[in-house]
Amino acid sequence: MPAGLFVAFALLAQAAAAAQVDGPSAPPAKAEAAASTKKQCTTPAAPDPNSREIIVCALRPQGYRLDPDILAARRLKTQGEAGRPHNPHETYADHSCATVGPMGCRGQPTIDLIRTVTTLAAMTDRLSKGQEVGSMFQTQPTSSEYQLYLQAKKQREEAEADKAAKAKAAAAQAAAAATSQR
């Protein structure tokens with residue numbers, strides 16, 4: 001064990017000495033980033049080699065910008081969920097006759113065979129055409145967050161297109177007014 005430790009230290013010392021002689025080698029991308037950082041940094045002309053001062057130079061972050069489409073999708077989601085307010089005292093008891101369990105509705109069949117057969121027929125028809133069947137089981141259609149994002153993005157792009165069209169029409173009217181005054 002001590003001999004292995006001695007060999008490891010010797011190899012590390014040799015690698016450190018080689019790095020000190022050759023200088024650090026950086027990949028081209030890192031070298032370019034370092035060069036662009038050096039251009040924007042203000043450092044003393046000739047730093048003292050005996051000084052223990054460390055100068056760190058980095059680019060200032062431009063800040064974070066949240067995607068406006070994501071924010072609009074979140075607003076759409078909260079507006080869609082703003083239905084009936086939640087009552088904490090609600091028991092959520094199901095008093096309909098479609099309960100599941102050993103004491104279901106008495107005197108009525110628990111499975112509607114006609115609806116079951118028609119649902120299975122519709123499923124097989126969709127599967128034979130290569131379509132999905134998950135939408136058949138969605139009782140309350142709600143949009144996913146991605147669908148809300150796409151909707152918000154589409155609305156933003158339409159608003160930008162309308163704004164650009166209005167600006168172009170205004171510029172055309174201004175140009176027409178300028179040529180008619182000449």
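Miscellaneous remarks
- 13 Å beta-carbon shell around residue 169, net charge (K/R +1, D/E -1): +2
- Label-to-label distance, nm, for residues given as residue 71 and residue 122 (7 Å Cα→Cβ offset): 4.2 nm
Only the coordinates and a few stated rules stand behind these numbers; no lab work does. All of these numbers come straight from a predicted model, not from anything done at the bench. Reconstructed Cβ throughout: ideal geometry from the backbone, glycine too, with neighbour counts over all protein chains shown.
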